[in-house]
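**Q** Below you'll find the structure I mean.
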Amino acid sequence: MKLATVEVDTPVGPVERIGAVDESGDTAAGDATLVDLTAAYGAVLAAEGEPAPAELAHAHVPPEMIAFLERGDRAIADAREALEYAAETDAERGPGGAKLRHEPDEYRLLPPLPRPNSLRDCMAIEEHVQNSMDGEIADVWYELPVYYKGNTDSVVAPGETIQWPDYSQIMDYELEIAAVIGKRGRNISAADAEDHIAGYTVFNDFSARDIQGEEMEGRLGPAKGKDFANGLGPYFVPREDIDVLEAPMTARIDGEVWSEGTVDEMYHTFAEIIEHISQSETLHPGDVIGSGTVGEGCGLELGQWLEDGDTVALEVEGIGTLEYTVVR
C-alpha cells in the first residue's frame, strides 16, 4: 500500500486528504488514481449500517497524516479495509457525497508529511562518511549514530521547483530513505524500535555544499547549508509492505544514473538510531529520521555538482520516484 497526502478542491476551498494508490492503474507520482481513504472507510461503515459513517470515518481514518499516524496500526488496518472495499465496488461516492477516487487532474500531490513533527537526518553509512570526510573517520562516528535536526518548514512537495539559495554556488542532492515514527515512545530499546516505525518514504536532503563546509568549520551546524529545502515523498509505505534494507535506490540527474545503492549498508540500523535518539527524549508520531546518504549517493562524493535547470529524480523501489528541478 502506497499512501499520499494530496490537496483537492471543494466548494469550500482546498482541503487536505490522504489517498492510497489504486495499483490497477498508472502509479507514477502525480499520475496515479488515488482512493480517498476517509471517504472509502465511510462507505464501508455506511454499508455496515453505521448511523454516522462520515463522522466515524474521520475518527478512524483521519484525512491528515500526523493524526492518521497517531492512531497507529489501527489506522493502517482500517486504511487497508477501505482500499479493499474501493477495489471491490464501482461506487463513486461515499457518505455525504464524498468522492471515493481522485484522478490525477483532480489533486495536487503534497509531501506525505507536509510538516513533520520533527526532522532528523543521520550519517549512518560508512562509505558516504569516508568519501565525504576525505580522511580517517572519527571514533565517535562508530560509537554514536550522529545526526542533525532539520527545518520542518522547508519540506517541499514532489515535483516542485527548488530555488537555489542566493548565498550558495554549489548545490547537491542526497539519496536517502527516511523512517517515519508512528508510535510515541521514550527510552526505546533497539529490540522494540521496529514497533515504533510506521513506514518509510524517500528523502532528498538537499545541500548547499559551500556554505555547509564553512558552517562545519565552526563546530556547529549544518544550518543554512541544509535548511532551504527538504524533499520527502512521493509516497509513504507502511513498514510491512517493503523490505527497506533490500530496496534498490537510484539517483538520476536529467535521466542519467549518478548513484545507486541500498540502506543495508547502514553501520547503525534504524533500530539503533531510535534507541539512541529516544534516550531521555520522547519520539512522537510524525517524527522523520533520515538514514543518511548511501555510498556515492551525492555529488560531493562523485566530484560533480548540480547545474541550473537540472532535474533530480530519486527512486526507491517499492516507494516511488521523488523528482525536483533546481534553478538559480
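**Q** Add -39500 (n - 2.57) for each DSSP H run of 4 or more in the chain, then divide by its residues: what number comes out at 222 nm, to the nearest 500 deg cm²/dmol?
**A** Computed mean residue ellipticity for the chain: -6000 deg cm²/dmol.
**Q** Next up: Roughly what angle does helix 37-47 make with the longest principal axis of the chain, taking Cα atoms, 0 to 90 degrees, to the nearest 10?
**A** 20 degrees
**Q** By how many degrees, between 0 and 90 and to the nearest 10, does the Cα long axis of helix 73-88 differ from the longest principal axis of the chain?
**A** 60 degrees
**Q** I need the peptides 314-323, 173-182 ranked by packing, meaning the mean over residues of other C-beta atoms within 10 angstrom, with the highest value on top.
**A** Packing order, densest peptide first, comes out as 173-182, 314-323.
**Q** A further question follows. Considering the zone a paramagnetic label at E106 would reach in this model (a point 7 Å from Cα along the Cα-to-Cβ line), which residues of segment 62-95 have amide N under 15 Å from it?
**A** 86-87, 89-95
**Q** Then there is this: So what's the gap between the Cα centers of segment 183-232 and segment 258-328, to the nearest angstrom?
**A** 9 Å
**Q** So, in Å, what gap is there between the alpha-carbon centers of segment 113-170 and segment 1-52?
**A** For segment 113-170 versus segment 1-52, the Cα centre distance is 32 Å.
**Q** Among G261, S189, F228, flag the residue with its Cα farthest along the positive direction of the charge dipole of segment 185-328, charges on Cβ as +1 for Lys/Arg and -1 for Asp/Glu.
**A** About the Cα centre, the residue reaching furthest to the positive side is F228.
**Q** Taking the solvent-accessible surface of protein heavy atoms with a 1.4 Å probe, what is the per residue accessible area of segment 1-151 in Å²?
**A** With all protein chains present, segment 1-151 gives 48 Å² per residue.
**Q** Taking the Cα-to-Cβ direction at L220 and at E7 and moving 7 Å from each Cα, how far apart do the two end points lie in nm?
**A** According to this spin-label approximation, the distance is 3.5 nm.
**Q** Using a Gaussian network for the chain with springs between C-alpha atoms less than 10 Å apart, which of these wobbles most: M133, M266, M171?
**A** It is M133.
**Q** Right, next: Leaving out ligands, DNA and RNA, what percent of the accessible area of segment 213-279 is carbon and sulfur, probe 1.4 Å?
**A** 45 percent
**Q** What is the local net charge at I277, summed over the other residues whose Cβ is closer than 12 Å to its Cβ (Lys, Arg +1; Asp, Glu -1)?
**A** Neighbourhood net charge equals -2.
**Q** Still on this structure: Going 7 Å from the Cα of A190 in the Cα-to-Cβ direction, what parts of segment 249-272 have a backbone nitrogen less than 16 Å from that spot?
**A** 264-272
**Q** While we're here: For K99, give me every one of the lysines with a C-alpha distance below 23 angstrom, ignoring sequence neighbours fewer than eight places off in its own chain.
**A** Within reach: K2.
**Q** Straight-line reach from K226: which lysines have Cα under 24 Å away, leaving out those fewer than 8 places along the same chain?
**A** Candidates past the 8-residue exclusion: K149.
**Q** Shifting gears a bit: Carbon and sulfur: what percent of segment 56-182's accessible surface (1.4 Å probe)?
**A** 48 percent
**Q** Where in segment 102-118 does the label zone of A87 land, with the point 7 angstrom along Cα→C-beta and an amide N cut-off under 20 Å?
**A** 102-104
**Q** Under 5 Å between amide H atoms, partner at least 5 residues away or on a different chain: which partners does F203 have, H built in plane at 1.01 Å?
**A** Under 5 Å from the amide H of F203: E176, I177, A178.
**Q** Classify segment 241-322 as rounded, prolate or oblate from the Cα gyration tensor: take a ≥ b ≥ c as the square roots of its eigenvalues, call it rounded if a/c is under 1.5, otherwise prolate when a/b beats b/c and oblate if not.
**A** prolate
**Q** What nm distance separates the two modelled labels at A28 and M133, each placed 7 Å from Cα along Cα→Cβ?
**A** 4.2 nm
**Q** Suppose R0 equals 25 Å. What FRET efficiency, 1/(1 + (r/R0)^6) with r the Cβ-Cβ distance, do D308 and S154 give to the nearest 0.05?
**A** Once the sixth-power term is evaluated, E becomes 0.80.
**Q** Decide, for segment 81-143, between rounded, prolate and oblate: order the square roots of the alpha carbon gyration tensor eigenvalues as a ≥ b ≥ c, take rounded if a/c falls under 1.5, and otherwise choose prolate if a/b is larger than b/c, else oblate.
**A** prolate
The values are calculated or read from the model by the stated rules, or taken from the named source; none is laboratory data. Values in this document were obtained by computation on a predicted structure and should not be read as measured data. Cβ coordinates were reconstructed from backbone atoms using ideal geometry, including for glycine residues, and neighbour counts include every protein chain displayed. These area figures cover heavy atoms from the full protein model, side chains too; ligands, DNA and RNA do not enter into them. Shrake-Rupley method; radii C 1.70, N 1.55, O 1.52, S 1.80 Å.
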